[in-house]
Structure formats: C-alpha cells, structure tokens
Amino acid sequence: MSANSPAPSVRPLIAGNWKMHGLRAQLAEAQTVRDALTAGEISHGVDVMICPPATLIALMAEMAKGSRLAVGAQDCHWLPQGAHTGDISAEMLHDAGATAVIVGHSERRADHGELDRIVKAKAEAALRAGLTAIVCIGETAGQRRAGLTLDIIARQLVGSLPEAGTAADTIVAYEPVWAIGTGLTPTPAEVAEVHAFIRRALIDQYGTQGREMRILYGGSVKPSNAAELLAVPNVNGALVGGASLKAQDLLAIARACKVDAA
Ligand code: PEP
C-alpha cells in the first residue's frame, strides 16, 4: 500500500481547539456553527467538532445534541477515577457528552511535562471510555532546523499511539510546535512529506486501519490558507486553534475541505 494513495473513504474532520478561551457567552459561536451545519452550509462529507474548555463541554453537548456538531475535550487523565485533584477522566468527559479528546497537545507536553508514555496512557484511556483519541505530535523549530523532524515524529508515534487503535477511534494531528499560534506554516511540500511519513507509520502499525485513519494538520490554519493545506495528500482535515474561536472562520475552513464525490 502506498502512503500516497489514502483510502477514498477518509472523511475530513475540522476540529476546533478553543484552549483556555471561552466563558458561557462564547457558546454563541458554537451555536452559529451548529446552525450552519443544520442549514446544510457545509458539505455532509465533512465532520466538524469543537473542543471547548472542560467547563463548557456539558453545556455545548446539550446545545449540539442531535446536530452535526461534535464536541470534544482537550485533555484527560489516564485513570477512570481516583484521588487526583483537578483532573478529569475520559469516562467523565464521555459522561458530559464529549465524543473525542485531544491528547499530547504540545502545550500540555510543554506546560505539564507530558512524555510520550503519558500521552499513550491517555490515548488508551480515551478508547477505554469510548472516546476518539486525537493524538498530537510535532517537532520544535530547533528540531526542524537540525533536520530531526521525521526522527521526532517517528519517536512520538511509537511512544504515543494506542496499541489497538482503529480508524474509528484514533486520529493523529501533526502540529509543528513552531507553527502553533505564530502565523507560520510549513510549505505544502513539507506538510506532504510529514503526512506521507505518518501514513506509512500508521499502515505499518495498524495495517488497513492505518490506511483509513485521519491525519489532521494543525498550526496557524486560517480561512486564507486552509484550501492549500487541506489539498495536500494525506491531510484529512485540520486541528484549528485561534481561528476556531470565530464561527465564521471555522466554517470558512470547513468549506475549504475537498470532499470525495463518492
Ligand atoms: C492548536 O493549538 O492546536 C493550534 C493548531 O493552534 P493555532 O491554530 O492557533 O496555531
């Protein structure tokens, strides 16, 4: 199987990561996204998700119930419950209405010292709880300058992915750390190289399932560059930070998704 011939059935996903932004008033933006999806303004071939702060998950899930808008979380603990003050388990996120959780975001790796083995335990916890794991990987600027990008990606994939992931419950998000929140992006050729490498690794690890797993690109995606980035082979959608806070920007990015006619 060639990394350059992904299965045509891979549905693109545009996932917004609100990070530590948003009081209840911000739910109006999610409502606008929900209504646009309901009105058919975005192709039915594209999935759209918002990952709000934990405080808004239950409210957003209630608001999005029965609609095409999916609700995700930004992190979880690896245990189902216990004496871990301030932490939230994957089971609790599921109970609150989330269907997915981001694990291993570079801000968590940097701010909380999360190592690959912790990220892997969190991804396993997500699957245990019935959530989709969105596993983030990506190199720093220094690692790219040193020519280490693919080595870092390979190490993070081996260390962070769940053992028994499937295309239905495991998503990889390639997010170069230097592109997050900076306005900088890799060239389409650079994105293509890394995504093809990830595709090969997923096929090696998961066989046919790896061929169908979604690989998102993340890092300064906005309406003006979305079409170019989303057209790169093996890019099956985007993880969007800053631009996801505005409904119209998230919707414009979703509209830029190329969808198979089939
Ligand atoms: C992110 O943090 O996941 C992200 C992609 O951020 P931004 O789009 O703001 O670069």
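The values are calculated or read from the model by the stated rules, or taken from the named source; none is laboratory data. Predicted model, so just to flag it, every value in this text is computed and none were measured. Neighbour counts run over all protein chains shown; Cβ positions are idealised from the backbone, glycine included.
List of remarks:
- Within region 87-115, the residues that satisfy the criterion of being closer than 22 Å to Tyr217 by Cα, in contact with a helix residue (DSSP H, G or I) (Cβ under 9 Å, 6 or more places away or on another chain) and surrounded by fewer than 18 Cβ atoms within 10 Å (Cβ to Cβ) are Thr99, Ala110, Leu115.
- Exactly one residue out of Ala238, Ala254 is part of a helix (DSSP H, G or I), of a type in the set (Gly, Ala, Ser) and within 15 Å of the ligand (Cβ to nearest atom), and it is Ala254.
- Residue within region 219-234 that is modelled with pLDDT under 95 and not in a helix (DSSP H, G or I) present: no
- Filtered residues of region 157-181 (kept if within 16 Å of the ligand (Cβ to nearest atom) and part of a strand (DSSP E or B)): Ile171, Val172, Ala173, Tyr174
- Residue in region 182-201 that is surrounded by the most Cβ atoms within 10 Å (Cβ to Cβ), counting only those that are assigned to a loop (DSSP other than H, G, I, E, B) and touching a residue at least 12 places away in the same chain (Cβ under 8 Å): Pro186
- Considering each residue of region 22-33 in turn, at least one proves to be part of a loop (DSSP other than H, G, I, E, B), within 16 Å of the ligand (Cβ to nearest atom) and not aromatic (Phe, Trp, Tyr).
Table: residues versus (1) part of a helix (DSSP H, G or I); (2) over 24 Å from Leu157 (Cβ atoms).
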{"residue": "Met60", "(1), (2)": "yes, yes"}
{"residue": "Thr85", "(1), (2)": "no, yes"}
{"residue": "His94", "(1), (2)": "yes, yes"}
{"residue": "Ala110", "(1), (2)": "yes, no"}
{"residue": "Gly113", "(1), (2)": "no, no"}
{"residue": "Ala121", "(1), (2)": "yes, no"}
